[in-house]
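J.: Take a look at the following structure, please.
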């Protein structure tokens with residue numbers, strides 16, 4: 001009987017929940033992303049307490065720049081790849097609890113959030129100090145300070161989840177252009193404050209400027225070939241001298257100053273170039289599918305994604321719905337780690353084409369493929385657990401929409417099963 005017709009989750013009894021304290025630590029609000037943000041804020045608070053109060057204006061400026069530098073640099077593509085390499089260096093002989101935690105490396109965005117918040121608060125304190133200082137303060141310096149405070153408040157406010165989720169395109173533009181403007185104002189602020197020789201501020205700013213500029217130094221327009229197996233999906237093929245590693249992503253754009261969209265790279269073993277699986281999920285992707293471009297912009301380097309943590313485990317189960325198969329496919333083809341695929345999607349052959357489905361089955365003959373149009377939507381937590389149990393896996397990696405990803409990840413982790421999925425922090 002084909003795997004696509006068997007309901008593996010039917011009658012599957014999930015393992016019992018772990019203890020209440022362990023379940024609490026696995027709650028989404030206490031995920032490692034938030035823990036890292038809280039850690040950065042706690043370290044800053046500790047430094048403030050150790051200093052016995054607010055430091056001098058120079059100390060406040062250094063604290064602000066150091067935290068904002070952390071916020072910028074930790075998002076740099078080379079740094080992200082280095083963090084993944086460091087975390088996945090651990091051998092599979094290490095205790096599972098250690099590898100479970102190392103697998104959360106993709107939560108590094110918490111450092112970005114913590115650094116941005118702490119840096120903004122330090123700079124606000126600096127501006128208040130300069131305003132109330134009894135000594136002479138340049139009106140130009142105060143003007144730049146007030147402008148920076150207003151800009152930092154705008155950037156932080158629009159990065160909060162309610163605004164970012166509802167107005168993501170606006171959030172991206174404010175973050176990009178606001179960030180560039182803030183960087184210029186920080187340079188002006190540093191020069192106006194006229195600190196003495198040996199001051200680290202210019203060096204910190206130089207590092208931040210280089211980190212921001214580096215991806216744009218690799219901006220180029222490249223050819224792309226589009227195949228459309230259906231009106232829902234475009235398979236974009238690139239071959240411009242780059243063959244990315246499995247599990248990386250590439251950002252593409254049709255208008256490089258306004259918006260960028262990242263997609264998982266799908267390199268084929270033994271073949272140059274790579275593919276992107278682009279599903280209709282909004283105005284931009286819809287336009288890309290309906291009006292396929294001959295060229296697009298790319299910048300920076302290919303960047304590691306969540307599924308790269310697979311090498312920390314002896315066996316993994318990939319759980320995907322719909323176009324979530326895209327980020328899973330390169331790992332299935334590379335077969336660096338024994339894996340089992342669970343894929344739920346509507347009419348997979350009609351939507352994604354016979355070629356893609358046959359390519360998957362060639363490397364995953366035991367894949368559990370559920371046609372949701374024919375068989376209905378399955379209980380993905382039970383389906384994932386059934387595959388995890390039967391395959392003898394150590395971890396589950398889920399690539400799906402936000403709601404289902406959290407259902408699977410949280411549903412398994414609160415039962416003591418390592419599970420991973422995107423956290424939508426970009």
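No value in this document is a laboratory result; all are computed from the given coordinates. The structure displayed is predicted, hence computed values, not measured ones. Neighbour counts run over all protein chains shown; Cβ positions are idealised from the backbone, glycine included.
J.: Taking the alpha carbon gyration tensor of region 31-217, what are the square roots of 5 times its eigenvalues, largest first, to the nearest whole Å?
T.: Values: eigenvalues 197, 75, 54 Å².
After scaling each eigenvalue by five and taking roots: 31, 19, 16 Å.
J.: Evaluated at 25 °C with a viscosity of 0.890 mPa s, what Stokes-Einstein diffusion coefficient in µm²/s does region 94-184 have when Rh comes from the Kirkwood expression over alpha-carbon pairs? Could you put the intermediate results ahead of the total?
T.: Values: Rh = 15.6 Å.
Translational diffusion coefficient: 158 µm²/s.
J.: Let me ask something else about it. Need one number: % antiparallel among DSSP beta bridges in the chain, to the nearest 5. Mind dumping the intermediate values first?
T.: On the way: 25 of 43 bridges.
Of all bridge pairs located within the chain, approximately 60 percent are antiparallel.
J.: Next question. At q = 0.31 Å⁻¹, what is the log10 ratio I(q)/I(0) for region 318-364, with the Debye formula run over Cα points and no solvent?
T.: Per q value, in the given order, log10 I(q)/I(0) is -1.36.
J.: Helix 109-132 against the longest principal axis of the chain: what's the angle in degrees, Cα atoms only, rounded to the nearest 10?
T.: Tilt of helix 109-132: around 20 degrees.
J.: Whole number please: convex hull volume per residue, Cα atoms of region 135-206, in Å³.
T.: Values: hull volume 6.8 nm³, N = 72.
It is 95 Å³ per residue.
J.: Then there's this: Over the Cα atoms of region 219-304, Rg to Rh with Kirkwood Rh, two decimal places? Before the final figure, lay out each step's value.
T.: Details: Rg = 12.1 Å, Rh = 13.0 Å.
Rg divided by Rh gives 0.93.
J.: I've got another one for you. Quick one: order 394, 336, 359, 13 by neighbouring beta-carbon count within 10 Å, fewest to most.
T.: Working: 394 21, 336 12, 359 17, 13 8.
Listed from fewest to most nearby Cβ atoms, that is 13, 336, 359, 394.
J.: While we're looking at this one, here's another question. For region 251-292 and region 137-164, write down the distance between their C-alpha centroids in whole Å.
T.: Each part reduced to its Cα centre gives a spacing of 33 Å.
J.: Give the angle, between 0 and 90 degrees and rounded to the nearest 10, that separates the Cα long axis of helix 77-87 from the longest principal axis of the Cα atoms of the chain.
T.: It works out to around 60 degrees.
J.: Tell me the angle of helix 380-391 to the major Cα principal axis of the chain, expressed in degrees between 0 and 90 and rounded to the nearest ten.
T.: 70 degrees
J.: Turning to a different aspect of this structure: Any idea what diffusion coefficient the chain gets from Stokes-Einstein, in µm²/s, Kirkwood Rh on alpha carbon pairs, 20 °C, 1.002 mPa s?
T.: Answer, rounded: 91 µm²/s.
J.: A follow-up question, please. Do the sum for the chain: with -39,500 (n - 2.57) for every DSSP H run of n ≥ 4, divided by all residues, what is the mean residue ellipticity at 222 nm, to the nearest 500 deg cm²/dmol?
T.: -15500 deg cm²/dmol
J.: What's the ranking of 219-227, 295-303 by average number of surrounding C-beta atoms within 10 Å, highest first?
T.: Details: 219-227: 14.0, 295-303: 18.7.
By packing density, highest mean first, the sequence is 295-303, 219-227.
J.: How would you rank 379-388, 177-186, 342-351, highest first, on the average number of other Cβ atoms within 10 Å across their residues?
T.: On the way: 379-388: 22.8, 177-186: 15.8, 342-351: 20.1.
Ranking the peptides 379-388, 177-186, 342-351 by packing returns 379-388, 342-351, 177-186.
J.: Follow-up. Can you bin region 1-128 into rounded, prolate or oblate? Criterion: square roots of the alpha carbon gyration tensor eigenvalues sorted a ≥ b ≥ c, rounded for a/c under 1.5, prolate for a/b above b/c, oblate for the rest. Don't skip to the answer; put the middle values down first.
T.: Values: a/c = 2.88, a/b = 2.24, b/c = 1.28.
Prolate is the answer for region 1-128, as a/c is 1.5 or above and a/b outweighs b/c.
J.: Another question, then. May I ask you to sort 403, 377 by Cβ crowding, counting other Cβ atoms within 10 Å and putting the fewest first?
T.: Fewest to most other Cβ atoms nearby, the residues stand as 403, 377.
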